[in-house]
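The values are calculated or read from the model by the stated rules, or taken from the named source; none is laboratory data. Small disclaimer: the values here were computed from a predicted structure and weren't measured. Cβ placement follows ideal geometry from the backbone for every residue including glycine, while neighbour counts extend to all protein chains displayed.
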Amino acid sequence: MLDLNLIWFILLAVLLAGYIILDGFDLGVGILHPIARTDQQRRVVINAIGPLWDGNEVWLVTFGGALFAAFPEAYACIFSGFYMAFILLLFALIFRAVSLEFRSKLSSRVWRVFWDWSFFASSLVAALLFGVAAGNVLQGLPLNERGDYVGGFIELLNPYAILVGLMTASMFAMHGAIYLYLKTDGELQDRLNTWMWRTFGIFLVMYILTTMYTLVNIPLATANFKQYPWAAVVVVLTVLAIANIPRCIHWCRPGWAFLSSCATLAAFVFLFAMALFPNLVTNSTPDISSLTIYNAASSPKTLWIMFIFAIFGMPFVLAYTVVIYWTFRGKVQLGDFSY
Amino acid sequence: MDVVLLSRLQFAITIMFHYLFPPLTIGMGIVLVYLEANYLRTKDPLYETAARFWTKIFALNFAIGVATGIVMEFQFGTNWSPYSRFVGDVFGSPLAAEGIFAFFLESGFLAVLVFGWDRVSPRMHFFSTIMVALGSIFSSIWIVIANSWQQTPAGHHVVQMTRDGRPWFIDSQPVLRAEILNFWEVVFNPSTMHRLVHVWIGCFIMGAFFVMSISAYYLLRNRHVEFARRSFTGALLLGAISSVAILVSGHFQANNVYETQPAKLAAFEGHYQTGAGDLNIIGWPDDESQQVKFKLAVPGGLSMMLHGESKAEIAGLDRFRPVDRPPVLIPFMSYHLMVAFGMFFIAITILSVLLLVIGKLYRQRWLLAVFVIAVVPAVLANQFGWVAAEVGRQPWIVHPPVQWQESGELVVGADGYVQYEPNQGLRTADAVSTNVEGWKIVFSIVGFSLIYLLLAAIWLFVLNDKIHQGPEPVGVDRKKGGAQGLMQAAASLASHTGSMTETHE
């Protein structure tokens with residue numbers, strides 16, 4: 001039954017997946033940045049994402065705007081409920097942006113080292129926060145009758161959420177490592193080969209721990225999979241995508257490794273969406289309804305108008321995104337205009 | 001802790017810092033398109049040098065604009081969740097459209113604009129520059145539409161929400177929200193076009209004065225003279241036309257504000273008592289005595305501006321219940337400062353254009369010095385305009401409509417006051433997130449303030465550094481010498497009144 005509410009649930013998942021895949025490697029590059037030893041290498045790492053990070057971040061802005069427009073009750077609940085987390089996320093994203101922009105503008109060593117660490121820390125914090133948010137949403141949140149989150153801030157830093165945060169950070173680091181491998185050559189690329197394996201290993205461990213914890217202790221996350229057995233297909237595809245990464249690295253096909261990594265990230269977003277469906281925020285308070293794609297939604301007219309926007313707008317966006325990525329294909333070349 | 005005041009303070013701080021950057025992006029975007037078009041047309045290397053220089057500064061501004069812009073989108077949800085629920089159906093769509101149609105365009109092609117000089121053909125690069133300029137203008141369209149809907153809502157109705165198929169009550173109160181009826185009426189609500197035009201021209205002024213400030217500095221220091229003259233001339237034309245145009249736009253907009261938000265206009269002008277209105281040039285509104293002290297005014301001037309005759313009755317703040325009135329001091333002062341600066345811009349740009357025509361502009365060092373500093377009032381005028389608009393809109397976050405009689409008077413109730421229909425608007429005090437404690441907002445205010453102070457300092461520092469470095473001539477074009485280079489240099493003298501033999505003035 002494909003109605004506008006379901007369509008928008010899917011479109012939001014697509015926007016979120018787009019953001020995670022694209023800014024995932026931006027944040028991963030930031031997390032890995034300290035492995036670059038010389039100033040030259042650090043500039044290469046930064047310029048691997050230099051032209052692209054800004055456009056990638058727009059996927060988050062558009063996801064937020066679309067969530068606001070399509071499901072304002074959910075937007076209001078999540079953003080006000082996770083107030084501190086969102087404020088910290090904003091601080092992190094601001095620092096990430098200005099670290100990239102300012103770092104190479106002056107030649108002072110102190111200046112550059114400061115912004116290098118800022119780039120690393122802000123990328124890491126952002127990645128952790130995304131995971132912590134997802135981990136909390138998967139467990140369900142206590143909401144009152146109006147749909148306001150009535151839990152505290154410290155409750156959000158529970159073991160499961162922190163585990164999901166660590167998994168997300170390691171996932172982005174792996175994704176960023178593979179991306180950097182593709183964009184670099186020479187000594188830096190050789191070291192990145194090691195780091196691809198390392199980050200994959202850490203991610204694999206985090207993935208297994210998180211999956212086990214989810215299966216054992218987070219009933220809300222697995223309920224849908226029991227109810228709709230066909231959803232197991234996505235789980236199988238996720239495992240295959242993850243398994244393909246080391247296979248591709250081993251057989252020296254880093255391009256395919258990167259695609260598998262992209263597929264893995266997309267699969268996690270779809271697993272997340274399927275675990276939530278049909279809720280946007282599951283209420284852990286008994287007797288009060290959850291925020292669903294029906295009761296948290298805007299009017300059908302708004303959903304229709306937004307759908308028209310998406311139909312017209314997104315093909316253009318995809319087209320010129322491809323053109324722009326194509327323009328910056330290949331290894332990083334430092335020039336007059338690089339960061 | 002007054003969470004309403006704290007959230008308003010945070011919004012004010014974050015938006016005022018953010019608004020330093022998009023107008024520069026819009027204004028400089030136009031400058032970049034102009035410079036690159038001329039380069040493609042004339043192949044004069046100086047245009048390319050100029051374009052590359054201004055692009056570096058553009059990129060710096062753009063990055064901070066993006067970083068501070070996300071803060072705004074998230075803030076509707078974090079601090080204003082009841083507002084988001086009430087208006088999301090209507091207000092959310094322009095914001096989503098801003099992402100889909102504008103942000104992707106400008107941020108995407110920014111990659112080619114800033115990093116792609118040596119990677120793509122000049123034509124493709126020029127196309128990218130146009131896309132970035134267009135993207136920034138598109139984004140201003142959507143956000144001004146959204147804000148204008150807050151000021152003069154239209155194209156919607158306010159309905160009770162349903163939950164589980166039944167009308168939704170909480171504590172016996174119906175849960176209400178605005179729902180869209182007609183998309184085009186939302187977009188073209190009564191104030192959109194006035195405000196959009198006014199905002200654009202304000203951005204052009206800010207961009208023009210920014211370029212003129214830097215160019216004038218170079219001229220005073222006798223550096224990069226040819227580059228500076230060309231930049232200054234282009235920006236001066238943009239600045240002069242915009243300064244005059246914004247006066248006209250402002251006049252029509254003030255009329256529009258009087259029709260749709262008369263309490264706001266009364267606050268702007270310090271018009272406490274209904275009756276013929278004086279046009280205050282300066283003054284100090286005093287709420288206690290309900291009059292403007294130390295005033296210097298044109299008698300009947302306000303009535304003249306709004307109705308064409310000096311004795312016409314203008315609705316005063318006394319037509320509104322005290323709880324429905326906006327504060328007066330801040331809107332009055334910011335509005336008057338904005339207008340004062342606007343007059344100053346007209347004066348110096350027109351004077352400069354006249355001097356340029358007779359060939360004496362670049363000799364007036366005092367005037368160039370004024371332009372170095374004039375970027376500050378250009379920024380302030382833009383900020384004060386917004387302060388006036390948003391503080392003057394209080395106590396509303398969605399301003400309800402007012403009704404006028406045929407006679408030109410407001411429709412009032414038995415108590416002599418305008419009866420706003422309670423559900424047609426939303427008060428700011430009712431729009432604040434109820435589950436966000438004061439200490440959290442203090443934390444975020446302090447955090448943003450410190451970070452933004454740091455960013456401002458660094459931005460100015462790096463900007464200063466880039467300005468001192470100055471434009472770098474594009475390497476390959478230095479080889480163009482001989483007669484051809486000479487002819488190009490001759491043709492490049494902007495006003496054609498300068499002399500080939502006179503290098504310094």
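Couple of notes before you dig in:
- Sole residue being surrounded by fewer than 21 Cβ atoms within 10 Å (Cβ to Cβ), of a type in the set (K, R) and away from every other protein chain (no Cβ under 14 Å), chosen from B:K43, B:K56: B:K43
- Within segment B:58-114, being among the polar types (S, T, N, Q) and at pLDDT below 95 holds for B:N61, B:S93, B:S107.
- Considering segment A:285-310, and only residues there that are of a type in the set (G, A, S) and out of contact with any Asp or Glu (no Cβ under 6 Å at 6 or more places or on another chain), the residue that is surrounded by the most Cβ atoms within 10 Å (Cβ to Cβ) turns out to be A:A297.
- Residues of segment A:111-150 satisfying the condition of being within 14 Å of chain B (Cβ to nearest Cβ), surrounded by fewer than 24 Cβ atoms within 10 Å (Cβ to Cβ) and in a loop (DSSP other than H, G, I, E, B): A:P142, A:N144, A:E145, A:R146, A:D148, A:V150
- Residue in segment A:280-288 that is out of contact with any Cys (no Cβ under 8 Å at 6 or more places or on another chain) and within 12 Å of another protein chain (Cβ to nearest Cβ) present: yes
- One residue alone among A:F79, A:F91 is surrounded by fewer than 23 Cβ atoms within 10 Å (Cβ to Cβ) and touching a Gly at 6+ places or on another chain (Cβ under 9 Å), and that residue is A:F91.
- Whether a residue is assigned to a helix (DSSP H, G or I), on the phi < 0 side of the Ramachandran plot, touching a Ser or Thr at 6+ places or on another chain (Cβ under 9 Å) and buried (at least 19 other Cβ atoms within 10 Å of the Cβ) was assessed, and B:L95 does not pass this test.
- All positions within segment B:119-137 that are within 24 Å of B:G69 (Cα to Cα) and either more than 17 Å from the chain's Cα centre (by Cα) or more than 11 Å from chain A (Cβ to nearest Cβ) (or both): B:S128, B:T129, B:I130, B:M131, B:V132, B:A133, B:L134, B:S136, B:I137
- Close pairs (6 angstrom Cβ cut-off, 6 or more residues apart or separate chains): over 21 Å from B:F138 (Cβ atoms) and touching a residue at least 24 places away in the same chain (Cβ under 8 Å) in segment B:175-193, buried (at least 18 other Cβ atoms within 10 Å of the Cβ) and of a type in the set (V, I, T) anywhere: B:L176/B:V158; B:A178/B:V87; B:A178/B:V90; B:A178/B:V158; B:P190/B:T152; B:P190/B:T260
- Residue match in segment B:269-291 (condition: part of a helix (DSSP H, G or I) and of a type in the set (A, V, I, L, M, F, W, C)): no
- Top-ranked residue of segment A:245-280 - restricted to ones that are free of Cβ contacts under 8 Å to residues at least 60 places away in the same chain and part of a loop (DSSP other than H, G, I, E, B), ranked as nearest to A:A134 (Cα to Cα): A:R253
- In segment A:315-337, the residues that are surrounded by 14 or more Cβ atoms within 10 Å (Cβ to Cβ) and at the interface with another protein chain (Cβ under 7 Å from one of its Cβ atoms): A:V317, A:Y320, A:T321, A:I324, A:T327, A:F328, A:F337
- Exactly one residue among B:A228, B:A263, B:A216, B:A267 is crowded, with 24+ Cβ neighbours inside 10 Å, without any contact (Cβ under 8 Å) to a residue 40 or more places away in the chain and not polar (S, T, N, Q), and that residue is B:A228.
- Unique residue being among the aliphatic types (A, V, I, L, M), at pLDDT 95 or above and more than 22 Å from A:F86 (Cβ to Cβ) when the list is B:A429, B:A414: B:A429
- Residue in segment B:436-449 that is farthest from B:Y83 (Cα to Cα), counting only those that are without any contact (Cβ under 8 Å) to a residue 24 or more places away in the chain and within 10 Å of chain A (Cβ to nearest Cβ): B:G447
Each row is one residue, and each column tells you yes or no for (1) farther than 30 Å from B:V292 by Cβ; (2) assigned to a helix (DSSP H, G or I); (3) aliphatic (A, V, I, L, M); (4) modelled with pLDDT of 95 or more.
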residue	(1), (2), (3), (4)
B:R229	yes, yes, no, no
B:F232	yes, yes, no, no
B:L238	yes, yes, yes, no
B:S243	no, yes, no, yes
B:I246	no, yes, yes, yes
B:A263	no, yes, yes, yes
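- Residue within segment A:200-216 that is of a type outside the set (D, E) and under 30 Å from A:R146 (Cα atoms) present: yes
- Filter pass, B:W439 being in a helix (DSSP H, G or I), exposed (fewer than 15 other Cβ atoms within 10 Å of the Cβ), at pLDDT 65 or above and of a type outside the set (D, E, K, R): yes
- Among the residues examined, A:S104 qualifies as farther than 30 Å from A:V150 by Cα and either in contact with a Pro (Cβ under 7 Å, 6 or more places away or on another chain) or within 11 Å of chain B (Cβ to nearest Cβ) (or both).
- Candidate set from segment B:77-102 (those that are closer than 12 Å to B:A431 by Cβ and more than 7 Å from every other protein chain (Cβ to nearest Cβ)); member that is nearest to the chain's Cα centre (by Cα): B:F91
- The lone exception for B:F461 - which of (1) assigned to a loop (DSSP other than H, G, I, E, B); (2) under 30 Å from A:S104 (Cβ atoms) it fails: (1)
- Enumerated helices (runs of 4 or more DSSP H) restricted to segment B:104-201, each holding at least 1 residues that are acidic (D, E) and more than 26 Å from B:V398 (Cβ to Cβ): B:104-115
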